[in-house]
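Novice: First the structure, which I've put down as structure tokens, then a few questions once you've had a look.
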């Protein structure tokens, strides 16, 4: 039997893209066309009801994040980065912790080797199921997710 990962809590999702989304997507598309893409090392951590995805980001790396369907906890335990937020570029230094709202997609530059961990509430341990449940692969998938969630909320 296959079941979807179940988050510990769910919250309403906003269907409107955050203000800086277009800029982040444009940067991501330019990077795909013009840059050598690298695979960043990832460590996966599991505890009861919690999944942590730890990413090592080498100094000098420019990166964009994924679109998260739900809010998530982010912990920078090492390093220093400039991060594009809805309020503009912010330079942050470890230790740094933030809760990102649903629909968040960021761009960043690593001034130092950085360790960034994203934490999701789930009992699931299958990485493909976790990714499918918590991450939208693109803007269209995220908007469809929001629309579906809104329609399901109307039925209650």
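Novice: Do you know which residues across region 79-95 are part of a strand (DSSP E or B), crowded, with 17+ Cβ neighbours inside 10 Å and modelled with pLDDT of 95 or more?
Specialist: 80, 81, 92
Novice: With the structure loaded, tell me whether residue 70 is under 11 Å from the mean Cα position of the chain (by Cα), touching a residue at least 12 places away in the same chain (Cβ under 8 Å) and farther than 23 Å from residue 26 by Cβ or whether it fails that test.
Specialist: Considered against the rule, which asks whether it is under 11 Å from the mean Cα position of the chain (by Cα), touching a residue at least 12 places away in the same chain (Cβ under 8 Å) and farther than 23 Å from residue 26 by Cβ, residue 70 comes out as yes.
Novice: Considering only residues of region 106-127 that are under 15 Å from the mean Cα position of the chain (by Cα) and not in a strand (DSSP E or B), which is farthest from residue 30 (Cα to Cα)?
Specialist: Per the criteria, the residue is 127.
Residues checked against (1) out of contact with any strand residue (DSSP E or B) (no Cβ under 6 Å at 6 or more places or on another chain); (2) part of a loop (DSSP other than H, G, I, E, B):
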residue: 22; (1), (2): yes, no
residue: 26; (1), (2): yes, no
residue: 37; (1), (2): yes, yes
residue: 55; (1), (2): no, no
residue: 104; (1), (2): no, yes
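Novice: Moving on. Filter region 24-39 for residues that are surrounded by 11 or more Cβ atoms within 10 Å (Cβ to Cβ) and more than 26 Å from residue 87 (Cβ to Cβ) and give the result. Spell out the reasoning first.
Specialist: Taking region 24-39 first, the residues surrounded by 11 or more Cβ atoms within 10 Å (Cβ to Cβ) are 24-29, 31.
Residues satisfying the conditions do not exist here.
Novice: Go through 49, 121 for me and flag whichever is in contact (Cβ under 8 Å) with a residue 24 or more places away in the chain, at negative phi and out of contact with any helix residue (DSSP H, G or I) (no Cβ under 8 Å at 6 or more places or on another chain).
Specialist: Numbers: 49 fails: at negative phi.
The match here is 121.
The values are calculated or read from the model by the stated rules, or taken from the named source; none is laboratory data. In this text the structure is predicted, and so the values were computed from the model without any measurement. Neighbour counts run over all protein chains shown; Cβ positions are idealised from the backbone, glycine included.
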